[in-house]
Amino acid sequence: MTQSASASLKNPSFVLQSKDHVSIEDRPVPELKNPYDVLIKPRWTGICGSDVHYWVEGRIGSFVVEKPMVLGHESAGIVSQVGSAVKTLKVGDRVAMEPGIPCRRCVRCKEGRYNLCPDMAFAATPPYDGTLARYYVLPEDLCVKLPENMSLEEGALIEPTAVGVHITRAAGVKPGDSVVVFGAGPVGLLCCTVAKAYGASKIVTVDINEDRIKFALSYAATHAFRSARVSAEENAKNLIRDCELGPGADIIIDASGAEPCIQTAIHALRTGGTYIQGGMGKPDINFPIMTMCAKELNVKGSFRYGPDDYKTAVELVATGRISVKELITGKVKFDEAENAFKDVKAAKGIKILIEGPEE
C-alpha cells in the first residue's frame, strides 16, 4: 500500500489478519462512549516481543488470535477529542498511553493491583485491538501528559520503562544494593537504568550477545557477565567471583525467561536476597527449590505495571534521572510497519518505532 493510499483512509490500522499475515486496512473511527474517555492519535509506537509473537505464532499461551486484530501497545500520541467529564486533558496535549483498561470493580482492582485484573482489556491482546492506528480511545486516567522537554518518541518508550519501574519496585531496590539483571533486551536494559536511578551501587548485566553486553555497559550497567555452557552452580560461582558480589547479589532480576538464567540466579543470590521474574519463557522449568528454601529467598513474579508506574517512568525521563533515547535504534513510516516487525524478529537493534499514519 502506498503512503498516499494510507493517508486517504479515515482510520488506517495495522492488522494481524492471521498467523504470518498482516495488512493495513481502514477501520471505523472509534467513538467516545464514556464521558471520561479521550480520543488519541498515536504518533509513535514501539514494537514489543509479544506483538511479534502473535504475528509469528498467532497466539501466546491461552491468548489466541481468532479474528483480525490491530497490533501495537507501546504508544504515545496527541489528544484529538475529550469526553464531557474529562478535566485534566485538552485537545492537543501529548500523552503516554497506558494500554490496559481494568474493570475497576474486582478485588484486585480495588486493592490497587489493577494489573492483575482478570477482566483486563489490554491493547493487542486477543480479543482487543491495539494502538497501531490513526485513532485510539483510552480513559483519561490512563493517559500521562508528557512535559514539554519530552518527545513523543520518548513517550513511546514509557510502556517498557513502566515495566522496568514495576519490576524494580517489586524488588525493593535501595541505595547501595547489588543488582544482577539477566537479559540485555529492552526490559533488561531499562531495569538496569531504573535500578541505577534508585541507588543501586553495582549493576551487573548478563547476556550471551556481545553487542548487547557492550551496549548495556555503555548505558547503565557497571559490570558484565557472559554465561558459559556449564552448570548453573558453576555459572553462579563465576558470576559472584568475577563481579565481586561477596556472599552473593542482593537482588537478581530475570528479564530473559531462559531456564539456565533462572537457575543460575537462584544460586547467585545471597541468603535472604530477592529474586524477581520479569521475563517470560516456557511454561514449566526445573527450579532449584532447595536452594531457594535454604537461603530463604524472596521470590516474586512481576506482570506489566500498576498504580503510578507510568507516572514514575515519565518523571524519571523528564527529570533526566534516566534516558531512553539511546534505546531507539530505528524508525519507520506506518506503511512500512511490516518491515519493522521483520527486523525485530531478526533481533536487529533494540527498539524500533513506527510512526503514526500520515494525515
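Quickly rank 228-240, 153-165 as a protection proxy: mean count of other C-beta atoms within 10 Å, highest first.
By packing density, highest mean first, the sequence is 153-165, 228-240.
Calculate the all-directions average of the projected area of segment 162-301's alpha-carbon convex hull, and give it in nm².
Its average projected convex-hull area is 7.3 nm².
Arranged by the count of other C-beta atoms within 10 angstrom, fewest first, what order do Arg241, Arg59 take?
So the residues, fewest neighbours to most, are Arg241, Arg59.
Would you report the distance distribution of C-alpha pairs in segment 257-354 as whole percents per 5 angstrom bin, up to the bin with the largest distance?
With a bin width of 5 Å, the distribution comes to 2, 10, 14, 12, 14, 17, 15, 9, 4, 2, 1.
When DSSP beta bridges are limited to those with both residues in the chain, what percentage is antiparallel, rounded to the nearest 5?
Looking only at bridges with both residues in the chain, the antiparallel portion is about 55 percent.
Would you work out the relative contact order for segment 162-301, in percent, from Cα pairs under 8 angstrom that are 6 or more residues apart?
It comes to 22 percent, rounded to a whole number.
Provide, for segment 162-301, the number of lysine pairs with alpha carbons under 22 Å apart, each pair being eight or more places apart or on different chains.
Lysine pairs, 8 or more places apart or on different chains, close enough: 12.
With 27 Å as the cut-off, how large is the P(r) tail for segment 21-154, expressed as percent of Cα-Cα pairs?
Every Cα pair in segment 21-154 considered, those over 27 Å come to 21 percent.
Would you mind ranking His21, His166, His223 so that the residue whose beta carbon has the fewest other beta carbons within 10 Å leads the list?
His21, His223, His166
Expressed as a rounded percentage, what relative contact order does the chain have, with Cα pairs under 8 Å and six or more residues apart?
It comes to 18 percent, rounded to a whole number.
Through the Karplus equation 6.51 cos²θ - 1.76 cosθ + 1.60, θ set to phi - 60°, convert the phi angles of segment 256-266 into ³J(HN,Hα) values in whole Hz; use x for Gly and Pro.
10, x, 8, 4, x, 5, 4, 5, 4, 4, 4
Over segment 135-219, what number does the Rg to Rh ratio reach, with both radii from the alpha-carbon atoms and Rh per Kirkwood?
Over the Cα atoms of segment 135-219, Rg/Rh equals 1.04.
Sort the following peptides by mean Cβ neighbour count (other Cβ atoms within 10 Å, averaged over residues), highest first: 74-84, 315-325, 95-105.
So the peptides 74-84, 315-325, 95-105, ranked by packing, come out 74-84, 95-105, 315-325.
Read the figures in this text as sums done on the coordinates, not as results from a lab. This structure is a prediction, so every number in the text was calculated from the model and none was measured. Positions of Cβ are generated from backbone atoms using ideal geometry, with glycine treated the same way; all protein chains shown enter the neighbour counts.
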